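Notes follow the structure.
All of the numbers you see were taken from the coordinates with simple rules; none came from a lab. Because the structure is predicted, anything quoted here is derived from the model rather than measured. Ideal geometry is used to build each Cβ from the backbone, glycine not excepted, and the neighbour counts take in all protein chains shown.
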Amino acid sequence: MTTKTVSAAVPAAVKAEAAAVAAAHGMSMAALLRELLARVAARDAETLAWLDKARR
């Protein structure tokens, strides 16, 4: 799936809310996404393993 496809699949209201949260924390959308994934992974060993495998 390309970035364009992922972006097109996200409703505008969700994008706007995510942008507001990112701005409130002084971070980019990419940094917000990384932070969210890290927090999910930290609580879920299977997700963490999946992310580690994807990085290799």
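Could you state the angle between the C-alpha long axis of helix 29-43 and the longest principal axis of the C-alpha atoms of the chain, as a value from 0 to 90 degrees rounded to the nearest 10? The angle comes out at about 40 degrees. Using Cα atoms only, what is the angle between the long axis of helix 45-55 and the major principal axis of the chain, expressed in degrees (0 to 90) to the nearest 10? So the helix axis and the longest Cα principal axis differ by about 80 degrees.
What dipole magnitude, in Debye to the nearest 20, does the chain give about its Cα centre under +1 on Lys/Arg Cβ and -1 on Asp/Glu Cβ? Write down the numbers at each step before the final one.
Numbers: 8 positive and 5 negative charges, 41 e Å.
Charge dipole, the chain, about its Cα centre: 200 debye, nearest 20.
Once both axes come from the Cα atoms, what is the angle between helix 12-24 and the longest principal axis of the chain, in degrees from 0 to 90, rounded to 10? Here the helix axis deviates by roughly 80 degrees. Computed over the chain, the per-residue total of -39500 (n - 2.57) for DSSP H runs of n ≥ 4 gives a 222 nm mean residue ellipticity of -25000 deg cm²/dmol, rounded to 500.
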